[in-house]
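J.: Okay, handing you the structure first.
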Amino acid sequence: MSTFDGDHPYDVNLVCVDAAQHFAIMSHVGADLFEGRYNIGAWAWELPRFPEKWYDRFAYYDEVWVTTSFIAKTLAPISPVPVVRIPP
């Protein structure tokens, strides 16, 4: 187990922002929040194509949670990490 400071005591992060906002959140909380932890992105994306310019976000996550089968079917073929449907 890693040592965590008082501001970041957990070994799992559930990041509930869309992929488009990933770098804005990372600049706000710091990149160290993602290091040495199991990171889950909770993303909503309701269009049939996920922008290629956002593919780099997958590198920061160990899995992605989505709320609908539609989103799962859009992301699963392109995601290098598991895409898990978690209904609201």
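J.: Stretched out fully, how many nm does the piece from SER69 to GLU35 gain, at 0.36 nm a residue minus the Cα gap?
T.: 9.3 nm
J.: Build a GNM of the chain with springs between Cα atoms under 10 Å: which of TRP45, TRP54, TRP65 gets the top mean-square fluctuation?
T.: Evaluated over the chain, the most mobile residue of the options is TRP54.
J.: Enumerate the amide H contacts of ARG85 below 5 Å, restricted to partners 5 or more residues apart or on another chain; note that Pro and chain-start residues carry no placed amide H.
T.: HN-HN under 5 Å from ARG85: VAL66.
J.: From the helices alone, meaning DSSP H stretches of at least four residues, give me the mean residue ellipticity at 222 nm for the chain, per-run term -39500 (n - 2.57), in deg cm²/dmol to the nearest 500.
T.: The per-residue figure over the chain is -4500 deg cm²/dmol.
J.: While we're looking at this one, here's another question. Do any trypsin sites (Lys or Arg not before Pro) in the stretch 19-60 lie in a loop, going by DSSP, with at most 12 other beta-carbon atoms within 10 Å of their beta carbon, and if so which?
T.: The qualifying sites are ARG49.
J.: Another question, then. Please compute the per residue accessible area over the chain with all protein chains in place, 1.4 Å probe, rounded to a whole number of Å².
T.: Roughly 63 Å² per residue, with all protein chains present.
J.: Under 10 Å, Cα contacts only: if you run a Gaussian network model on the chain, which one of VAL66, VAL29, VAL12 comes out with the highest mean-square fluctuation?
T.: Checking each option, the largest mean-square fluctuation is seen for VAL29.
The values are calculated or read from the model by the stated rules, or taken from the named source; none is laboratory data. All values derive from a computational prediction rather than experimental measurement. A quick note on method: Cβ atoms are made from the backbone with ideal geometry, for glycine too, and the neighbour counts reach across all protein chains shown. Each accessible area value is taken on the protein alone, full model and side chains, heavy atoms only, with ligands, DNA and RNA left out. Shrake-Rupley method; radii C 1.70, N 1.55, O 1.52, S 1.80 Å.
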